[in-house]
Amino acid sequence: MSTTPLSQFSIPLLMGNNLNGWSEALVGFNLLGLPLGLVILAAIPLVFIALYSLTYGVYGERKISAFMQDRLGPMEVGKWGLLQTIADILKLLQKEDIVPTSADKFLFVIGPGILFVGSFLAYAVLPFSPAFIGASLNVGLFFAIGIVAIEVVGILAAGWGSNNKWSLYGAVRSVAQIVSYEIPAAIALLCGAMMAGTLDMQKINILQSGSYGFAHFFLFHSPIAWIPFLIYFIASLAEVNRAPFDIPEAESELVAGYFTEYSGMKFAVIFLAEYGSMFMVSAIISVVFLGGWNSPLPNLGSLALNTWTNGPIWGVLWMISKGFFFIFVQMWLRWTLPRLRVDQLMYLCWKVLTPFAFISFVLTAIWEIYVP
Amino acid sequence: MQELERVGQGSVRVTRKSDKLVIVEKDLATEQMVLAMGPQHPSTHGVLKLECLTDGEVITEAIPCLGYLHRCFEKCCENVDYPAVVPYTDRLDYLSAMNSEFAYAIAVEKLLDIEIPRRVEFIRVIVAELNRIASHLVAIGTYGIDLGAFTPFLFCFRDREIILGLLEWASGARMLYNYIWIGGLAYDVPADFLKRLREFITYFRPKAVELQSLLTENEIFLKRTRGIGIMPADVAINYGWSGPMLRGSGVKWDLRRNDPYSIYPELDFKVVVPDGKLSVVGDCLSRHLVRALEMEESLRIIEQCIDKMPTSEGFNPRSAIPKRIRPKAGEVYSRAENPRGELGFYIESDGKSTKPVRCKARSSCFVNLSAMKDLSKGQLIPDLVAIIGSIDIVLGEVDR
């Protein structure tokens with residue numbers, strides 16, 4: 001199923017020249033009749049989430065916030081505190097697994113699981129490289145938009161099952177927030193889908209490749225493309241409960257929101273899910289608007305930067321660094337802005353973002369039809 | 001402005017439209033829920049407990065429950081000598097211990113009717129104003145945290161650290177100083193203290209502006225505080241509010257001006273009241289602005305004190321301290337402007353004992369907090385947090 005635009009990639013690599021070459025090879029890999037390749041395929045994003053949230057996510061957040069606030073951050077465990085997160089995880093592993101007596105035990109236990117699965121499932125359609133995607137769905141973008149909603153179930157289960165008033169407040173706020181913000185987010189992504197004319201994540205990426213690098217990205221596709229880009233970025237902050245929309249877990253109001261009662265590994269899983277979703281939305285925004293695994297460098301005459309920096313391996317690098325850039329922006333915002341109030345949050349969603357999303361939707365449609 | 005009608009069994013759903021609560025749904029049978037906010041809650045600034053009756057996110061009633069930090073201050077005072085009360089006063093409002101000591105010292109001095117060396121007065125004012133800045137920094141920083149902005153808090157604490165360093169240099173302690181004694185001071189300030197103080201002032205001025213811009217130029221911060229928890233001036237006076245709270249409601253009332261003590265009449269400073277341009281007079285933002293602008297006035301007071309201060313030649317900070325404090329029979333009420341408002345001491349002496357017969361502290365936070373029930377009615381939970389933060393309570397002083 002290789003398509004032509006990818007034939008330009010010059011670096012020959014193990015089955016890397018074909019679109020989805022690596023993942024198709026993995027799918028075909030069986031050991032003693034067991035589909036081991038499928039397991040590995042699923043395990044790669046899992047390992048990625050774990051590694052990234054350990055190394056970049058938590059540690060990076062602490063260091064970035066420290067630099068923004070005139071302090072040092074973790075410095076004791078390991079050089080520059082690099083092993084701090086590992087130490088934290090070890091501590092969380094050793095903790096007693098407490099389920100409150102009055103909690104609904106089933107919901108309490110299953111909540112973090114659903115939450116994590118929700119953020120992890122979307123990784124299936126994230127194209128990490130031209131040669132790798134977990135599941136090459138022709139409705140990939142639609143799947144990614146829809147699967148985020150699963151997290152709501154997890155949050156509601158966790159908040160309701162905790163049998164704590166603060167948790168309940170957090171859960172109810174969270175559900176209201178995520179369900180509301182899905183509308184502008186989805187419409188903004190639809191603008192991207194219209195520009196691409198497909199919902200297949202790999203095809204969206206292919207359509208953004210070209211020798212001028214960043215100029216082919218959908219962000220620069222039309223003069224109004226930055227509106228859905230901004231709308232999706234703002235809405236994605238709300239969808240993953242990041243500041244200034246961290247209302248479900250507003251620590252100064254609701255103690256810790258829906259995960260007030262959680263401790264030990266369940267708490268760690270919730271955290272993992274949060275960092276997982278942070279990367280997930282960052283990856284989606286970079287796929288739809290910033291070319292995903294495409295190199296932003298243009299070909300300058302004989303200096304064929306774009307050609308040199310494209311390929312399956314480079315693709316992984318670009319994809320992850322674009323994702324990390326947006327995570328950095330998320331953290332930057334978190335440590336700068338105060339929190340909105342619940343009603344202001346809803347006001348922003350329904351009266352600002354949604355109308356503008358519709359406007360940009362119509363404008364993009366007009367642009368796509370009348371401008372060649 | 002905020003009303004919450006009850007219709008039949010169910011209460012009324014309300015929503016906020018600009019500043020008014022507008023009824024959008026009726027006859028929706030909902031139950032009210034008792035929500036215990038505190039004593040262990042991140043934004044009750046210690047061990048305050050608020051019993052909130054909530055209808056969804058709207059608070060119908062919030063009743064403060066006090067006493068979790070009660071340490072029998074007044075009874076303790078009856079069992080120790082006059083000078084030994086000073087360390088206890090430190091522990092009233094532990095964020096501005098110098099001001100509390102100052103208030104107690106002038107109360108006993110009034111009872112004893114003794115003359116204080118001029119340099120002592122200047123040093124007292126300097127350390128008290130420094131501590132006022134430190135206290136306001138904590139108030140502003142924690143207010144940021146209440147609203148979800150974490151970074152200003154650490155900027156505040158970075159600068160507060162320098163003030164604490166200066167006060168530690170002078171007194172030997174970082175928070176609970178026991179520095180201002182009855183009739184004098186524990187020690188004279190160190191030799192280079194005034195030089196370092198000048199350095200601090202030049203360092204802090206731009207930092208205070210930066211801090212201002214981080215909060216009051218932020219649209220979200222303004223949205224969260226403007227028009228929230230409005231307290232009209234007359235109601236504020238009736239509640240007995242004082243300090244930045246009362247000034248936030250537009251009443252120009254500062255005990256340093258209106259009931260002057262120490263050398264404050266000689267000093268030039270402005271009593272800050274909100275002008276109503278950025279904020280609605282009496283709301284949370286006004287109270288925040290008063291604190292933020294007062295820091296500049298305190299800096300000005302310190303600068304004037306450095307200039308006017310007598311030299312340390314032949315100066316003994318303990319020269320006027322009485323050997324044995326046994327006031328004549330009588331009573332005194334003396335008050336001083338603390339960072340949180342009026343801290344008054346009522347002291348009664350029987351003329352025979354070296355211990356006060358009665359020592360009552362009129363706590364500013366306690367009085368300010370008493371308006372909670374009025375302020376919280378019909379507010380949302382996030383607004384309640386914003387209101388508590390703007391009252392700037394220190395539970396050590398509320399419970400004593």
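For region A:75-134, taking the reciprocal of the average inverse distance between every pair of different Cα atoms yields a Kirkwood hydrodynamic radius of 15.1 Å.
Over all Cα atoms in the protein assembly as shown, the spread is summed up by Rg and Dmax: 31.1, 104 Å. Stokes-Einstein diffusion for region A:98-228 at 20 °C, viscosity 1.002 mPa s, with a Kirkwood radius from C-alpha pairs, works out to 128 µm²/s.
Highest GNM mean-square fluctuation among A:Ser162, A:Ser211, A:Ser119, for chain A modelled with Cα contacts below 10 Å: A:Ser211.
Highest average first, the peptides B:267-274, A:300-307 ordered by how many other beta carbon atoms sit within 10 Å of their residues are B:267-274, A:300-307. In plain terms, the bigger the Kirkwood radius, the slower the diffusion; for region A:93-162, with that radius from Cα pairs, at 4 °C and 1.567 mPa s, Stokes-Einstein puts D at 95 µm²/s.
For a test of the definition: using alpha carbon positions, the gyration tensor, and the 1.5 limit on a/c, classify region B:23-158 as rounded, prolate or oblate.
The shape class here is prolate.
Normalise the Debye intensity by I(0) for region A:100-370, one equal point scatterer per Cα, no solvent, then take log10 at q = 0.08, 0.11, 0.15 Å⁻¹ and round to two decimals. Taken in order of the listed q values, log10 I(q)/I(0) reads -0.34, -0.62, -1.06. Scanning chain B for cysteines with no neighbouring cysteine C-beta under 4.7 angstrom from their C-beta gives B:Cys52, B:Cys65, B:Cys72, B:Cys76, B:Cys156, B:Cys284, B:Cys305, B:Cys365.
Every pair of different Cα atoms in region B:307-365 enters the Kirkwood calculation, which places the hydrodynamic radius at 14.1 Å. Computed from the C-beta positions of A:Tyr212 and B:Arg158 and an R0 of 56 Å, the FRET efficiency is 0.75 to the nearest 0.05.
The residues A:Phe229, A:Phe279, B:Phe193, when put in order of fewest to most other Cβ atoms within 10 Å, stand as B:Phe193, A:Phe229, A:Phe279. Electrostatic bookkeeping for A:Val58 treats Lys and Arg as +1 and Asp and Glu as -1; over the other residues with beta carbon under 11 Å from its beta carbon, the sum is -1. For B:Leu50, the amide hydrogen comes within under 5 Å of the amide hydrogens of B:Met37, B:Gly38, B:Cys65, counting only partners 5 or more places away or on other chains and with H modelled in the peptide plane. Backbone phi angles across region A:287-301, fed through the Karplus curve with coefficients 6.51, -1.76 and 1.60 (θ = phi - 60°), yield HN-Hα couplings of 5, 6, 10, 10, x, x, 7, 6, 6, x, 7, x, 7, 10, x Hz in residue order; Gly and Pro are listed as x. GNM on chain A, alpha-carbon springs under 10 angstrom: the most fluctuating residue among A:Leu137, A:Leu36, A:Leu317 is A:Leu36. Grouping the Cα pair distances of region A:263-365 into 10 Å bins from zero gives a pair-distance distribution of 13, 25, 34, 20, 8, 1 percent in increasing distance order. Taking every alpha-carbon pair in region B:118-237 and binning the separations at 10 Å intervals from zero gives 12, 36, 27, 20, 6 percent. Within straight-line reach of B:Lys252, meaning a Cα separation under 19 Å, sit the following lysines at least 8 residues removed in sequence or on another chain: B:Lys270, B:Lys277.
Only helices enter the 222 nm calculation for chain B: every DSSP H run of n ≥ 4 contributes -39,500 (n - 2.57), and dividing by all residues gives -13500 deg cm²/dmol, rounded to 500.
Write down the Kirkwood hydrodynamic radius of region B:73-370, to one decimal in angstroms, obtained as one divided by the mean of 1/r over all alpha carbon pairs. Kirkwood radius, region B:73-370: 19.7 Å. Compute the Rg/Rh shape ratio of region B:261-400: radius of gyration over Kirkwood radius, all on alpha-carbon atoms. Checking Rg against Rh, the ratio lands at 1.07.
Taken together, the values in this text are just the output of simple stated rules run on the coordinates, not laboratory data. Source: prediction; values computed, not measured. Virtual Cβ from ideal backbone geometry, glycine too; neighbours counted across all protein chains shown.
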